[in-house]
Structures are given as structure tokens and as C-alpha cells.
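Worksheet: one structure, shown below.
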Amino acid sequence: MTHLTPDLPARSGGEYSMLRKTNAGGRIAQNGARRRRLRQLEVSMSETELSGGCQCGAVRYEITQAPRDVHFCHCRMCQRASGNVFAALAPVRKTALRWLAEEPAEFASSTVARRSFCRHCGTPISFAYNESEWTCLTLGSFDDPEQVPPTIEYGVESRLSYIHPREQCAQKETGNGYLANMINQQA
Ligand SMILES: [Zn+2]
Ligand SMILES: [Zn+2]
């Protein structure tokens with residue numbers, strides 16, 4: 001059983017700053033702790049544009065970074081975990097994700113990754129490799145999924161026959177060395 005490929009940002013570790021609005025005039029001249037303080041303030045007051053949550057409202061989140069490599073994943077594990085014919089996921093750094101109410105519950109779908117969901121209503125919220133700095137939020141849980149259009153389709157070798165490729169998305173198979181020793185813990 002395969003899963004997301006290692007060329008996700010989750011595996012790249014590259015620095016990626018995508019705050020959608022920056023108050024450059026107020027930040028350029030700042031240094032050190034003061035700059036960090038100001039930046040935190042800016043983030044909390046104006047730079048966070050993307051938010052989401054579960055269907056019952058117990059789980060709410062906001063992110064301070066625009067997602068990178070938003071994707072559909074057609075792998076069998078994502079199908080099972082989402083209860084749907086593919087998963088739609090938006091990777092962000094874990095440090096850019098802030099829970100606003102309850103944190104979701106988690107299920108270790110394999111020995112290398114966890115998937116979170118609302119413990120009250122069951123809405124799938126995220127997928128993340130245990131050792132990654134990135135987590136992937138479900139597109140449907142965003143308050144405005146139009147803001148996070150997919151650019152990649154992973155796991156295309158497992159795509160169901162009645163789901164057609166999207167021309168605007170790169171098409172990538174999964175299955176690689178990183179996951180060779182993974183133990184699938186899904187039923
Ligand atoms: Zn809920
Ligand atoms: Zn997958």
C-alpha cells in the first residue's frame with residue numbers, strides 16, 4: 001500500500017513563506033524580538049486569511065501560511081481514511097496551524113502517519129507524517145475551499161476508473177523507498 005510521495009513539501013524541508021498580506025513597511029526596519037512580536041501581532045490581526053473546521057464546529061483552525069502543493073490523493077489509504085473516492089489535501093507547516101477550539105482526535109493509519117478527525121462529528125481534518133514538519137488539511141474543511149485549488153494528483157495508479165484526471169494537475173504515482181517499511185494499520 002502506498003501513500004504520498006516524498007516530493008511533498010513535507011519531505012523537502014525548504015523554507016517557504018507565503019503570508020498573503022504583509023505589512024512590509026512596518027516590518028523591514030525591525031529586528032530580533034521586536035520584529036517577532038510585531039510579526040505575531042500582524043499574523044493574528046491581518047495575515048491569517050484561511051480558516052476552517054469540522055461540520056459540528058467543535059474543531060476550528062486557522063493557518064498563517066498559504067498551503068503549498070495542494071493535491072488530490074487517490075491512494076487506497078486516503079480513500080479509506082476519507083470515506084470517499086480520493087482525499088483532497090492542503091499541506092502547511094505544522095507551526096503555521098493554530099487550533100482555535102478543540103484539537104481533533106487522531107488515528108495512526110500506519111506506522112508513519114496520523115490522520116485527525118473531529119471526535120464529535122467525524123469530519124476528517126488532516127493527514128501528517130509523524131516525522132514531518134508539514135501537515136495536510138482536508139480541502140473540504142476549509143471555510144472557503146475555492147482559496148486552495150489543487151495542482152497535483154498523487155497516487156494516480158490507484159485512481160478509480162470513474163474518476164478522470166484533471167488537466168490542470170500534475171499526475172504523479174506513489175510508492176517509494178520511504179514507505180517500504182510502513183505498516184498499514186487500516187482495517
Ligand atoms: Zn465536529
Ligand atoms: Zn494518499
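On full extension of the chain, what length is gained from Q168 through R119, given 0.36 nm per residue of separation minus the C-alpha to C-alpha distance? Could you put the intermediate results ahead of the total?
Details: separation 49, 0.36 × 49 = 17.64 nm, distance 3.48 nm.
This chain segment gains 14.2 nm when fully extended.
For the stretch 63-187, what does the relative contact order come out to in percent, with C-alpha contacts under 8 Å and a separation of six or more? Let's see the in-between values first.
Working: 229 pairs, mean separation 36.1, N = 125.
In percent, rounded to a whole number, it is 29.
Over all pairs of distinct alpha carbons, what does the Kirkwood formula give as the hydrodynamic radius of the stretch 63-187, in Å?
15.0 Å
Cβ under 15 Å from Q185's Cβ, Q185 left aside: what net charge do those residues give with Lys, Arg +1 and Asp, Glu -1?
Values: positive: R76, R80, R114, R115; negative: E106.
Taking every other residue near Q185 into account, the sum is +3.
Using 1/(1 + (r/R0)^6) with R0 = 35 angstrom and r between the beta carbons of D143 and A187, what's the FRET efficiency to the nearest 0.05? Mind showing how you got there, number by number?
Values: r = 32 Å, r/R0 = 0.91.
My answer for the efficiency is 0.65.
If you rank K94, K172 by fewest surrounding Cβ atoms within 10 Å, what's the result? Numbers along the way, then the final one.
Values: K94 12, K172 17.
Ordered by Cβ neighbours within 10 Å, fewest first: K94, K172.
What is the fewest-to-most order of M77, M182 by other Cβ atoms lying within 10 Å of their Cβ? Mind showing how you got there, number by number?
Numbers: M77 25, M182 17.
Ordered by Cβ neighbours within 10 Å, fewest first: M182, M77.
If we count other beta carbons within 10 Å of each Cβ, what is the order of W134, W99, fewest first?
On the way: W134 24, W99 13.
Ordered from fewest to most neighbouring Cβ atoms within 10 Å, W134, W99 come out as W99, W134.
Grab the other residues whose beta carbon is less than 13 angstrom from that of H74, score K and R as +1, D and E as -1, and report the net. Intermediate values should be presented prior to the final figure.
Numbers: positive: R76, R80, R159, R166, K172; negative: E153, E157, E173.
Net charge around H74: +2.
Nearest 5 percent is fine: what portion of the DSSP beta bridges confined to the stretch 63-187 is antiparallel?
Details: 20 of 26 bridges.
For the stretch 63-187, the DSSP antiparallel bridge percentage is about 75.
With Cβ to Cβ distances under 12 Å as the rule, what net charge do the other residues near V92 carry (K, R +1; D, E -1)?
Around V92, the surrounding residues sum to +1.
Every number in this text was worked out from the coordinates using simple rules, so none of it is lab data. The model shown is predicted, which means the values in this text are computed figures rather than measured ones. In this analysis, Cβ positions are derived from the backbone assuming ideal geometry, glycine residues included, and neighbour counts consider all displayed protein chains.
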